[in-house]
Amino acid sequence: MMPYLKRLLQRERDKTLYLLLVMLVHNLIYPLSSGGGIQPIIFYGLFSSMFVLAVFLLSEKPSERLIISLAGIVVFVSGIINSYFPGTLALPVLYLSVIVYHLVMIIVLVRYIFVAKRILIEVILAATSLYLILGSVYTAVYGLVEWLEPGSFVVSSGAELSWQLLLYYSYVTLTTVGYGDITPVKFYAQSLAAFEAITGVLYTVILLSRLVGLYESERSDYVTQ
C-alpha cells in the first residue's frame with residue numbers, strides 16, 4: 001500500500017498538498033471522535049496515519065519514520081480506548097503520544113521550509129500545514145495541563161471540557177480571535193495560552209521574512225546571470 005501511495009504522490013507539490021488536505025479534513029471531522037459506533041475508529045484511523053504517510057513522503061531519515069510510526073500506533077490504540085472506555089489512563093497516554101506525533105511532523109516541516117532555496121508552491125503549502133499543526137499540537141498540551149491540574153480552564157457554557165473543545169480553543173488562541181467562551185484560569189494554562197498567541201503572531205512574521213528573503217535571493221541570482 002505504501003509503495004503505491006508513494007508512486008501516486010511523486011511530485012513535491014502533491015506531497016505537501018496531501019498533508020494540507022488531510023489536516024483540513026481532520027479539523028472538519030474531529031467531532032467523530034466523540035460519536036458512537038465506528039465513528040471514533042474512522043477518526044483515529046485517519047488521524048493516526050496521516051502524519052505517518054507525510055513523514056515517509058517528506059523525510060528519508062529512518063529515526064523519524066520509526067518514531068512517527070510508533071507514535072501513530074499509540075495514538076490509535078489510546079484514542080480508541082479513551083473513546084469507548086473514558087476515564088482511564090488512556091487519556092494522558094493519548095495526550096503524550098499526540099505531542100510526540102506532532103513534534104516529529106513539525107521537525108520535518110520546519111526543515112523542509114527553511115532549507116528551501118526558492119519560493120515554490122510546495123513551500124507555501126508546507127508552511128500552511130505547519131500553521132495548522134501548531135494549533136493542533138497545543139490541544140494535547142492543554143489537555144495534559146487540564147489532566148494534571150483539573151480546573152485550569154473554565155467553559156462559560158458549563159459544558160464538560162473535552163479535548164474537542166480544546167482543539168477549538170487552541171485555534172481561537174493561535175489566531176488571536178479570543179471569543180472568551182473558554183478561559184484559562186490557572187497559571188500554567190494562562191502562560192501556555194499566552195505563548196500560543198505569541199507563536200501565532202511570530203510565525204506569520206518569521207514566515208513572511210523567510211519568503212521575502214527567498215524572493216530577494218532569487219531576484220539577485222536572476223540579475224547577476
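Every number in this text was worked out from the coordinates using simple rules, so none of it is lab data. In this text the structure is predicted, and so the values were computed from the model without any measurement. No Cβ is skipped: glycine too gets one built from the backbone with ideal geometry, and neighbour counts run over all protein chains shown.
Values as computed for the structure displayed
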read-out: Sorted largest first, extent of the stretch 62-133 alpha carbons per principal axis (Å); value: 49, 25, 13
read-out: Span-rule helices in the chain, defined as complete DSSP H runs reaching 15 Å or more along the axis (Cα) with Kyte mean at least 1.6; value: 39-58, 90-115
read-out: Ellipticity estimate at 222 nm from DSSP helix runs (n ≥ 4, -39,500 (n - 2.57)) divided over the chain, nearest 500; value: -26500 deg cm²/dmol
read-out: Calculated FRET efficiency for the pair Thr88/Arg210, C-beta based, R₀ 35 Å, to 0.05; value: 0.20
read-out: Convex hull volume of the stretch 100-174 per residue (C-alpha atoms, cubic angstrom); value: 93
read-out: Model label zone, Tyr188; criterion: amide N under 20 Å from point 7 Å along Cα-to-beta-carbon; scope the stretch 127-152; value: 136-152
read-out: Relative contact order computed over the chain (Cα-Cα under 8 Å; 6+ residues apart), in percent; value: 17
read-out: Listed residues Val25, Phe43, Phe114: farthest to the positive end of the dipole of the chain (Cβ charges); value: Phe114
read-out: Gain upon complete extension [Ser157, Tyr203; 0.36 nm per residue less C-alpha separation]; value: 13.4 nm
read-out: Rounded to whole Hz, the Karplus (6.51, -1.76, 1.60) HN-Hα couplings of the stretch 150-156, x for glycine and proline; value: x, x, 5, 10, 10, 9, 5
read-out: Share of pairwise Cα separations in the chain, more than 25 Å, in percent; value: 44
read-out: Relative contact order, percent, the stretch 41-117 [alpha-carbon distance under 8 Å, six or more residues apart]; value: 34
